[in-house]
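Here's the structure we're looking at; comments come further down.
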Amino acid sequence: MAGIAGLLGGCQAETLPLIRPDASDVRAYYEYGGSLEVEMSGNVAHVTVEIDREEYRMGGRVWAMASPYIFLFSPATQQAFRDYSGLGGVRVIVVYTDGGVLAQALLERSEFNEITWPRALNVAAYARTEGTQSPGYMRDLVRFGEEHTDFQYNREFIPPL
């Protein structure tokens, strides 16, 4: 027994240091033609995306609900999680140019792994590329997002069904 205890004592799991990014580190991952700002709150990146109210008004309720997931389920978010072991989550906050919050969603680091990330990327890619012609892809993205994030919609802009 003493020999086994000695062997087990020598086998310790190697722990990697948690590397937490700065806001500018996370900002560098996202490409967006509009205003996008990042702040860190502890180990969670808050990515605030400003959108034009008119563009989303034409897309309607489903497009507004899908807006945070377009950014969350992206190669940018996946790579940030890979590169920074201390990044615990990414919260995307979508605001109108006048400052009104439209929607927000928090994706925790542990939600996806190397096997489930491709599904998230696929759902978002179809919504981005085919969502205008086939709105069902946007609805799929909203459902998927609601299953995998902590989300909140502003009822002033996105009334309940």
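The values are calculated or read from the model by the stated rules, or taken from the named source; none is laboratory data. What you see is a predicted model; the values in this text were computed from it and never measured. Positions of Cβ are backbone-derived with ideal geometry, glycine not excepted, and every protein chain shown enters the neighbour counts.
Yes or no, residue by residue, for (1) assigned to a helix (DSSP H, G or I); (2) at pLDDT below 95; (3) under 21 Å from Arg155 (Cβ atoms):
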residue	(1), (2), (3)
Trp63	yes, yes, yes
Pro68	yes, no, yes
Arg82	yes, no, no
Asp98	no, yes, yes
Leu102	no, yes, yes
Ala105	no, no, yes
Ser110	yes, no, no
Arg128	yes, yes, no
Picked from segment 28-61 (must be at pLDDT 95 or above and in a loop (DSSP other than H, G, I, E, B)), the residue surrounded by the fewest Cβ atoms within 10 Å (Cβ to Cβ) is Gly42
| message | Looking at the structure I just gave you, is Leu121 at pLDDT 95 or above and either part of a loop (DSSP other than H, G, I, E, B) or in contact with a helix residue (DSSP H, G or I) (Cβ under 6 Å, 6 or more places away or on another chain) (or both)? | response | no
Picked from segment 19-34 (must be over 15 Å from the mean Cα position of the chain (by Cα) and in contact (Cβ under 8 Å) with a residue 40 or more places away in the chain), the residue nearest to Thr97 (Cα to Cα) is Asp25
Given the conditions (1) surrounded by 13 or more Cβ atoms within 10 Å (Cβ to Cβ); (2) closer than 21 Å to Ser35 by Cα, every one holds for Asp98 apart from (1)
Checked pairs for segment 104-122, first touching a residue at least 40 places away in the same chain (Cβ under 8 Å), second assigned to a loop (DSSP other than H, G, I, E, B) and among the hydrophobic types (A, V, I, L, M, F, W, C), C-beta under 9 Å and 6 or more apart or across chains, list as Leu107/Phe73; Ala120/Phe73; Ala120/Phe112; Leu121/Phe73
Result of the Cβ filter at 6 Å on segment 141-156, keeping first residues that are without any contact (Cβ under 8 Å) to a residue 60 or more places away in the chain and farther than 16 Å from Ala120 by Cα and partners that are among the polar types (S, T, N, Q) and buried (at least 16 other Cβ atoms within 10 Å of the Cβ), at least 6 apart or interchain, is Gln152/Gln104
Output for Cβ contacts, cut-off 7 Å, separation at least six or different chains, first residue under 15 Å from Ile19 (Cβ atoms) in segment 72-91, second surrounded by 21 or more Cβ atoms within 10 Å (Cβ to Cβ) and of a type in the set (Val, Ile, Thr), reads Ala80/Val26; Ala80/Val90
Of the residues in segment 106-159 that are of a type in the set (Asp, Glu) and exposed (fewer than 15 other Cβ atoms within 10 Å of the Cβ), the one that is farthest from Asn43 (Cα to Cα) is Glu130
Hey, any hits in segment 102-115 for a residue that's out of contact with any Cys (no Cβ under 7 Å at 6 or more places or on another chain), within 15 Å of Leu72 (Cβ to Cβ) and of a type in the set (Val, Ile, Thr)?
-> no
Going residue by residue through segment 71-78, is there one that turns out to be over 23 Å from Asp52 (Cα atoms) and crowded, with 21+ Cβ neighbours inside 10 Å? no
